[in-house]
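Colleague: Quick one: structure below, then a few questions.
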Amino acid sequence: MGTSPAATPLMAPEPSTGSAKPQGQYHHGDLRAALITCGTQLLDTQGVAKLSLRAAAQLAGVSPAAPFHHFKDKQGFLAAIAAQGFRDLAAWRRNTPPDETAARDPRERLRLVMRGYVEFACSHPARFNLMFGPEIPNRLEYPELVQEASASYALLKRAVEPLLEGDHDDQWLTDDFVFAVWAAVHGIAMLRINRQRGPSAGKQRSAQELTELLVQFVLAALQNLRPGPQA
């Protein structure tokens with residue numbers, strides 16, 4: 001999701017980019033991809049403040065100057081890592097094994113997509129914060145990041161579209177509702193990774209419980225949504 005841009009937890013396979021080669025083990029091949037892998041590992045383990053081109057080069061076992069053949073500066077490096085984060089998010093949701101009900105029921109498919117979004121955020125909070133946070137202020141300058149964020153968002157859109165009832169000509173019924181669903185599930189993800197309860201001091205709910213509440217709300221809204229005039 002992104003620039004326009006869910007019981008027991010469903011844990012999808014860890015994306016392969018989440019682990020880096022041991023220090024000094026890079027010898028040949030795609031150095032750019034290796035540096036992104038090392039940068040992702042540094043981000044996950046040390047946070048964005050300690051993530052640098054020099055540190056990634058050291059972890060990859062190449063000279064400090066080598067990354068500059070692939071990245072203009074740290075901003076470009078962060079954008080590449082964030083783009084990979086969106087690819088990892090899409091892989092996480094796609095690799096969540098659907099049961100027979102999900103294969104037949106579009107409501108269950110939407111539930112899996114939304115749960116996968118929150119689970120990825122909770123499992124990789126540093127990546128998630130980089131993907132959406134202020135460390136990359138000029139996102140439109142990085143076509144790879146824009147493309148991967150849009151592709152991730154399109155996955156949610158494809159899950160929502162089959163549940164929109166009725167024939168209509170107003171594209172807002174799709175676009176605005178998809179955005180509303182994304183905004184809601186993104187809010188749940190941010191609340192959980194920041195360990196916030198929200199404005200109420202009531203019962204502390206798990207990520208799975210909060211996501212399921214949201215899923216039920218979205219499904220009820222979809223069921224009752226009808227075409228209507230734009231405001």
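All of the numbers you see were taken from the coordinates with simple rules; none came from a lab. The model shown is predicted, which means the values in this text are computed figures rather than measured ones. Neighbour counts are summed over all protein chains in view; Cβ atoms, including those assigned to glycine, are modelled from backbone coordinates with ideal geometry.
Colleague: Sort 75-86, 31-42 by the packing proxy (mean of other Cβ within 10 Å over each peptide's residues), most packed first.
Modeller: Highest mean packing first, the order is 75-86, 31-42.
Colleague: Follow-up question, since we're still on this one. How far apart, in nanometres, would the label points at E144 and L164 be if each is projected 7 angstrom from Cα along the Cα-to-Cβ direction?
Modeller: For the pair E144/L164, the computed spacing is 3.2 nm.
Colleague: Related question: Using a 7 Å offset from the Cα along the Cα-to-Cβ direction at both A154 and K74, what is the distance between the two label points in nm, to one decimal?
Modeller: 3.3
Colleague: I need the peptides 104-114, 47-57 ranked by packing, meaning the mean over residues of other C-beta atoms within 10 angstrom, with the highest value on top.
Modeller: Peptide ranking by packing, descending: 104-114, 47-57.
Colleague: Another one. Suppose each label sits 7 Å from its Cα in the direction of the beta carbon; what would the N194-R87 distance come out to in nanometres?
Modeller: Placing both labels 7 Å along Cα→Cβ, they lie 3.0 nm apart.
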